[in-house]
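One structure below.
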Amino acid sequence: MKLNQVPLLTDENISPKVVACLRNMGLDVLDAKEQLWYGTDDEELITSAYREHRFILTHDSDFGTLAINQGKPCYGILYLRLKNLRSINVIRACEGLLRRNIEIHPYTIWVVEDTRIRIRYLI
């Protein structure tokens, strides 16, 4: 499937401005803050995302640790490891990803940095 077709679960560290922009771009976004999941354990979020076949969009490397080191079932992670986490910069990075029309596969972790993207397959 294409990246713009991937349902997302946004971690609470993703700005509401980014969430709104992603929705305006046509993405299916479930936001942890809107669900009032403040302070919800990362393990619970990764489990919810797995059950609903959603990629987690986050600035937090802990999700990768859960999936890789602890073997927690994970549908996918988009880890935005950017130097500047201001909303406008995150939005630009997301827009850039979507413009590429990338094919994305479940059970992968995408580490999106300022100058590169790394992909790790979980299975």
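Each reported figure results from applying straightforward, stated rules to the coordinates on display, with no laboratory input. Note that this is a predicted model, so its numbers are computed, not measured. With ideal geometry, Cβ positions are generated from the backbone for all residues, glycine too; neighbour counts draw on all protein chains shown.
Assorted remarks:
- Exposure proxy shown here: for Ile123, Ile91, the number of other Cβ atoms within 10 Å sets the order, fewest to most, as Ile123, Ile91.
- Cα shape, region 1-58, gyration tensor, a/c 1.5 rule: oblate
- In this rough spin-label picture, where each label sits 7 Å from Cα along the Cβ direction, the Thr40-Glu12 distance is 1.0 nm.
- Note on Arg92 and His105: the model spin-label points, each 7 Å out from Cα along the C-beta direction, lie 3.2 nm apart.
- In range of the label at Thr47: residues from region 69-87 whose backbone nitrogen is under 14 Å from the point 7 Å along Cα→Cβ: 72-74
- For region 42-123: span of alpha carbons on each principal axis (Å, largest first): 31, 24, 20
- Selection of chymotrypsin sites (Phe, Trp or Tyr not before Pro), region 1-94, meeting DSSP coil and at most 15 other Cβ within 10 Å: Tyr38
- Linear extension gain, Tyr121 paired with Asn4, 0.36 nm per residue minus alpha-carbon span: 40.2 nm
- Note on Ala20 and Asn69: the extension gain reaches 14.4 nm, defined as 0.36 nm multiplied by sequence separation minus the Cα-Cα distance.
- Spatially proximal lysines relative to Lys33 (Cα-Cα < 19 Å; intrachain offsets below 8 disregarded): Lys17
- Mean residue ellipticity, 222 nm, helices only, the chain: the sum of -39500 (n - 2.57) across DSSP H runs of n ≥ 4, divided by residue count and rounded to 500, is -9000 deg cm²/dmol.
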